[in-house]
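Visitor: Have a look at the structure that comes next, please.
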Amino acid sequence: MKKFQILIAFLWLSVCLAGAVESKIQLVHGPYLQNLGPDEVTIVWLSDKPSVGWVELAPDDDTNFYATERPKYYDARNGVKNTSTIHTVKIKGLKPGTNYRYRVFVQEVLSHIGHKIIYGNYASTDVYSKKPLMFKTGDPEDNSVSFAMVNDIHGKNDVLTNLVSKCDLKKTDFFLFNGDMVSVFNEENHIFDGFMDTATKLFASEIPMYYTRGNHETRGAFATEFQRYFSPKEENIYYTFRQGPICFVILDTGEDKPDSDIEYAGITVYDEYRTEQAEWLRQVLNSKEYKEAPFKIVVAHIPPIGGWHGNLEVEQKFMPLLRDAKPDVMLCGHLHRFIHQDATVQTPFPIIVNSNTAVLKATADPKELKIEVVDVDGKVLDQFSIKKP
């Protein structure tokens with residue numbers, strides 16, 4: 001009788017495992033591009049079940065993606081492949097200004113005990129019935145660049161779709177998301193239902209997006225998870241990058257009220273964070289990368305305009321450094337209205353505060369930076385250029 005019970009239990013386990021192996025795993029979000037540079041890119045995507053993930057990369061030539069085995073770049077940390085539903089791969093050693101084709105893969109991990117791993121099914125982006133996804137690396141030596149910026153979308157996918165439609169995607173090298181793309185970060189779906197699935201559908205699988213965190217992304221139980229999805233392979237979520245003739249300085253301005261405010265329930269230390277960031281900014285503004293770029297653009301969600309604690313912190317900790325470094329323009333959001341503050345004797349560069357219902361579009365060559373701001377109705381709110389001698 002005992003042997004019979006063991007046999008039944010064994011058969012039941014076999015049936016369960018067979019069913020698990022046959023279960024389908026799916027890609028549910030992404031892929032989307034992050035932190036693209038001259039020789040690297042980070043690719044992020046999500047699956048609905050714990051799995052290992054990798055990227056297959058191919059040159060943009062006349063060969064079929066299936067012509068040969070393509071190199072694989074795994075989602076791994078310290079030599080071990082990650083088992084997760086969030087997959088991030090940073091690929092290095094790429095060539096500047098070069099097109100690459102890619103697809104992403106996952107394979108479900110059903111069980112991992114000691115050295116024994118039971119794998120399940122695969123899922124991947126399609127390269128059989130449609131063209132592979134593609135990206136182009138940046139190039140600091142490129143003589144031109146084109147980008148667009150939106151901000152304060154607060155989960156309104158219709159507004160995001162409208163503003164992206166105002167851009168010629170074939171001529172847009174990348175997008176800036178300048179904060180408050182959602183109202184609160186309480187769960188993963190707030191990211192993807194709020195804006196990122198729409199962004200991926202419209203452009204983000206092939207046109208990179210650089211994210212400047214806003215004050216609303218700091219709110220909610222999921223706020224500490226922000227960097228698992230955006231700039232996941234970078235040291236910080238404030239950073240610099242160079243594209244064509246422009247050096248971009250991305251700041252993280254934190255919250256808009258004092259850390260002691262009852263709204264934050266004692267969970268924030270943004271004053272200290274901005275002080276530490278100011279020391280990083282001092283070094284960046286003295287760097288060769290910044291000084292040698294024909295144009296310099298600072299991107300910050302909270303502007304030094306407005307009089308709230310966050311505005312004052314930006315004014316007191318960042319603006320003295322920026323005034324000395326003289327960037328060409330500072331791009332902000334946060335206020336939900338459009339402001340163009342011209343350069344003054346005190347602040348020798350213009351500050352543009354983009355509204356929550358407008359897209360800022362810009363193009364540059366080594367001699368001229370052109371900026372245009374267009375609202376949801378197609379009305380041009382502003383148009384100006386900055387020229388170099």
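Visitor: Please specify each residue of the stretch 253-296 satisfying the condition of being hydroxyl-bearing (Ser, Thr, Tyr) and not in a helix (DSSP H, G or I).
Guide: Within the stretch 253-296, 253, 260, 268, 287 qualify.
Visitor: Among the residues that make up the stretch 119-130, is at least one of them touching a residue at least 60 places away in the same chain (Cβ under 8 Å), surrounded by fewer than 19 Cβ atoms within 10 Å (Cβ to Cβ) and under 23 Å from the mean Cα position of the chain (by Cα)?
Guide: Yes; the residues of the stretch 119-130 include at least one that is touching a residue at least 60 places away in the same chain (Cβ under 8 Å), surrounded by fewer than 19 Cβ atoms within 10 Å (Cβ to Cβ) and under 23 Å from the mean Cα position of the chain (by Cα).
Visitor: Buried (at least 17 other Cβ atoms within 10 Å of the Cβ), over 24 Å from the mean Cα position of the chain (by Cα) and modelled with pLDDT of 95 or more: does that describe residue 317?
Guide: When the stated conditions are applied, residue 317 passes them.
Visitor: Would you please name the residue that is most open to solvent (accessible area, probe 1.4 Å), looking only at residues in the stretch 233-287 that are under 30 Å from residue 75 (Cβ atoms), of a type in the set (D, E, K, R) and out of contact with any Phe, Trp or Tyr (no Cβ under 6 Å at 6 or more places or on another chain)?
Guide: 235
Visitor: Within the set of pairs 6 or more residues apart or between chains, which connect a residue that is touching a residue at least 24 places away in the same chain (Cβ under 8 Å) inside the stretch 71-95 to a residue that is of a type in the set (Lys, Arg) with Cβ atoms less than 7 Å apart?
Guide: 85/49; 86/228; 88/233; 90/233
Visitor: In the stretch 201-225, which residues are in a loop (DSSP other than H, G, I, E, B) and touching a Leu at 6+ places or on another chain (Cβ under 7 Å)?
Guide: Selection gives 205, 206, 207, 208.
Visitor: Counting only residues that are under 21 Å from residue 255 (Cβ atoms), of a type in the set (D, E, K, R) and open to solvent by 10 Å² or more (accessible area, probe 1.4 Å), how many does the stretch 175-216 have?
Guide: Looking only at that region, the number is 2.
Visitor: With respect to the numbered conditions (1) closer than 12 Å to residue 209 by Cβ; (2) at pLDDT below 95, which one is the sole condition not fulfilled by residue 178?
Guide: It is condition (2) that residue 178 fails.
Visitor: Among the numbered conditions (1) surrounded by 17 or more Cβ atoms within 10 Å (Cβ to Cβ); (2) not in a loop (DSSP other than H, G, I, E, B), tell me where residue 228 comes up short.
Guide: Only one criterion in (1) surrounded by 17 or more Cβ atoms within 10 Å (Cβ to Cβ); (2) not in a loop (DSSP other than H, G, I, E, B) is unmet by residue 228, namely (1).
The values are calculated or read from the model by the stated rules, or taken from the named source; none is laboratory data. Values in this document were obtained by computation on a predicted structure and should not be read as measured data. Here Cβ is always computed from backbone atoms with ideal geometry, including for glycine, and neighbour counts include all displayed protein chains. Side chains included, ligands, DNA and RNA excluded: accessible areas come from the protein's heavy atoms. Shrake-Rupley method; radii C 1.70, N 1.55, O 1.52, S 1.80 Å.
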